[in-house]
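Working notes, beginning with the structure itself.
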Amino acid sequence: MSEKRKLGNSGIEVRPLCLGGNVFGWTADEPTSFKVLDGFLAADFEFIDTADMYSAWVPGHKGGESETIIGKWMKQRGKRKKVVLATKCGLPMGEDKKGLSKKYILQAAEDSLRRLQTDYIDLYQAHQDDPATPLDETLEAFAQLIKQGKVREIGASNYKADRLADALSVSKRKGLPRYESLQPQYNLYDRAEYEATLEPLCLKERLGVIPYYSLASGFLSGKYRSKGDLGQSARGGKVGNYLNDRGFRILAALDQVAKQYNSTPARVALAWLIERPSITAPIASATKLDQLTDLIESTRLKLDSNAIDVLNQASSERAEPVGSVAV
């Protein structure tokens, strides 16, 4: 079993895999979601990430569907204390329901707590930066929630490096709670921005990092290898941008390493993330139990330096073809 990792300088420790809740109530109905959540906890994992606006993008949905399912599951199973629960606020939930003003954060937190049927959130995250609200106002709202016992720790999602650095500076200067984690988009394909600007800051400040789109919307699982494959799932539309020479080069490297380890591309892609020193736990979602098995097995796969070099070379912006693998 993989060792637990500390999330930033917080008191939270998690195994190196976070279950993404974006699919609950969207591509996974309630019974399926319950099975996936049961399987995740049964494998001795605990870290679950969601957001208040999941899945507002679906016609007929208002947001809150994922939190509602997770809340019902925790209540029915009596498993709240076994879960490290992360959720987010700030993205639009309707007219005047968005942003990171103190008034709105306090309201959004109460709404999430009600849907989740719990009296505290382990990690409450700003879903994206809100330039219209002063950083100290946002952090003061989070400080109030922590003081009230409704939130344990706070994190940032989708922040640029300069704004994250500013927020950390405000926390230090004003004695306010600081963001202990960052949730960026980062995977074997989407590397440039995180590695150039965010990763050095996270390492310097000892922040936990829980990247989303860890499998690039499923592309790194290897199931999308042509435009004809894009209709396989509701998420296929996001994958088209990866179907290029560099994307195929990455798939070839994943195939090569997966064959070497008698594994799968998805497991290898996640194992690559888990091995990166700045990463605490990649976020990945599952709509079926066999997908969940892939996620869990990735934490048991230890890539050697040669395998990591093959993947790094293939996914660099100026890579040469990998070995003799045809693309």
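At a glance:
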item	result
Interatomic Cα distance distribution for the chain, bins of 20 angstrom, percent	32, 59, 9
Hull-based mean projected area of the range 190-290, where the convex hull spans the alpha carbons, in square nanometres	7.0 nm²
Residue-normalised accessible area of the range 115-245, given per residue in Å² at a 1.4 Å probe	43 Å²
Sequence ranges 94-107, 254-267, ranked by mean other-Cβ count within 10 angstrom, highest first	254-267, 94-107
Highest average packing first - 175-184, 303-312, Cβ atoms within 10 Å	175-184, 303-312
In the range 111-219, lysine pairs closer than 26 Å at Cα, eight or more apart or cross-chain	9
Theoretical gain in end-to-end length, ARG77 to LEU203 [0.36 nm per residue, Cα-Cα removed]	41.6 nm
Ranked packing of 127-135, 185-193, 20-28, most packed first, by mean Cβ within 10 Å	20-28, 185-193, 127-135
Computed over the range 56-202: relative contact order in percent, which uses C-alpha pairs under 8 Å that are six or more apart	19 percent
Distribution of pairwise C-alpha distances over the range 146-187, 5 Å bins, in %	6, 21, 27, 23, 15, 7, 2, 0
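The values are calculated or read from the model by the stated rules, or taken from the named source; none is laboratory data. The shown structure was predicted, so the numbers you read here are calculated from the model rather than taken from an experiment. Neighbour counts are summed over all protein chains in view; Cβ atoms, including those assigned to glycine, are modelled from backbone coordinates with ideal geometry. Note: areas computed on protein heavy atoms with side chains; ligands, DNA, RNA excluded. Shrake-Rupley method; radii C 1.70, N 1.55, O 1.52, S 1.80 Å.
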